[in-house]
């Protein structure tokens, strides 16, 4: 903690090197996803661990997205910049639809024997505790940190590599849509935090909290799902997934440099400009009408 204090002697933001591109406002889409009865149980690469990893992540989205919306909305009346005001409205709209669609997806997976209801409740209980315990500023800092995680995973995990192509084509669109929009609105919470003069110490210390909680809950939930599905001893699936994430291609390992950039006093989400990658994904995965 002393290291963070040394980094943040000035408790307010320094001027970031990058800004959100002018005119870039999250577009609210209302897609309709349908999951047929004949969808394979393991719809990502016919692999239990990879499929259940995304299921574990999805279990936290409905409650998580609502928490993010509330943390940003709390400061909405303190935003003077018209573009940021518009971006906040877009952020809220996108996150609301993410919550709704993943709630539907989680119900579908639950019907197919993947027990996400209990996991959803565990995430809800944690976030309810945060609402009671954390200050509004720390709740917003929590959102900023998680948004950095999800943007990295969206851009460098789902959109950059072959994950979407390896999924059943009837399941891939919901993940492509979510990844695209996570990239589009990745800086909104950060820009709100900066606009209200948020503390650098809180921003960085909360990332340390998220860096423990996010992997911990995801790992525990994945192990629980694998056990309930009778796949806990499937060493081939575990080894293949661990290699994919940390070995070759090592998609999570390759996220680490971008993750550590968060601790720079000059950090801004748009220091990593993935608009070309997202534009390519839009052309491939989104209907023309959805943009």
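What the table shows:
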{"read-out": "Alpha-carbon centroid distance for the pair the stretch 218-291 / the stretch 24-52, whole angstrom", "value": "15 Å"}
{"read-out": "Degrees, to the nearest 10: 117-133 long Cα axis against longest axis of the chain", "value": "10 degrees"}
{"read-out": "FRET E, pair residue 208, residue 38, Förster distance 41 Å, beta-carbon r, rounded to 0.05", "value": "0.40"}
{"read-out": "Shape category assigned to the stretch 146-291 from the gyration tensor of Cα positions, a/c cut at 1.5", "value": "oblate"}
{"read-out": "Most mobile of 233, 115, 93 in a GNM of the chain (Cα contacts under 10 Å)", "value": "233"}
{"read-out": "Global size of the chain as Cα Rg and Dmax, reported in angstrom", "value": "18.7, 58"}
{"read-out": "Residue 46-residue 70 pseudo-label distance in nm [points 7 Å out on the Cα-to-Cβ vector]", "value": "4.4 nm"}
{"read-out": "For a label point 7 Å along the Cα-to-beta-carbon line of residue 131, residues of the stretch 96-113 with backbone N under 18 Å", "value": "96-100, 103"}
{"read-out": "Helix 235-246 vs. the chain, principal-axis angle (Cα, 0 to 90°, nearest 10)", "value": "30 degrees"}
{"read-out": "Value at 222 nm in deg cm²/dmol, rounded to 500, when DSSP H runs of n ≥ 4 in the chain each add -39,500 (n - 2.57)", "value": "-20000 deg cm²/dmol"}
{"read-out": "Residue 264 versus residue 216: modelled label distance in nm, points set 7 Å from Cα along the beta carbon direction", "value": "2.9 nm"}
{"read-out": "Cα shape, the stretch 137-227, gyration tensor, a/c 1.5 rule", "value": "oblate"}
{"read-out": "Cα→Cβ-extended label distance, 7 Å offset, between residue 227 and residue 83, nm", "value": "5.0 nm"}
{"read-out": "C-alpha long axis of helix 200-228 to longest principal axis of the chain, angle in °", "value": "10 degrees"}
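We did not get these values from a lab; they are worked out from the coordinates using the rules stated. All figures in this text were calculated on a predicted structure; none of them were measured in a lab. In this analysis, Cβ positions are derived from the backbone assuming ideal geometry, glycine residues included, and neighbour counts consider all displayed protein chains.
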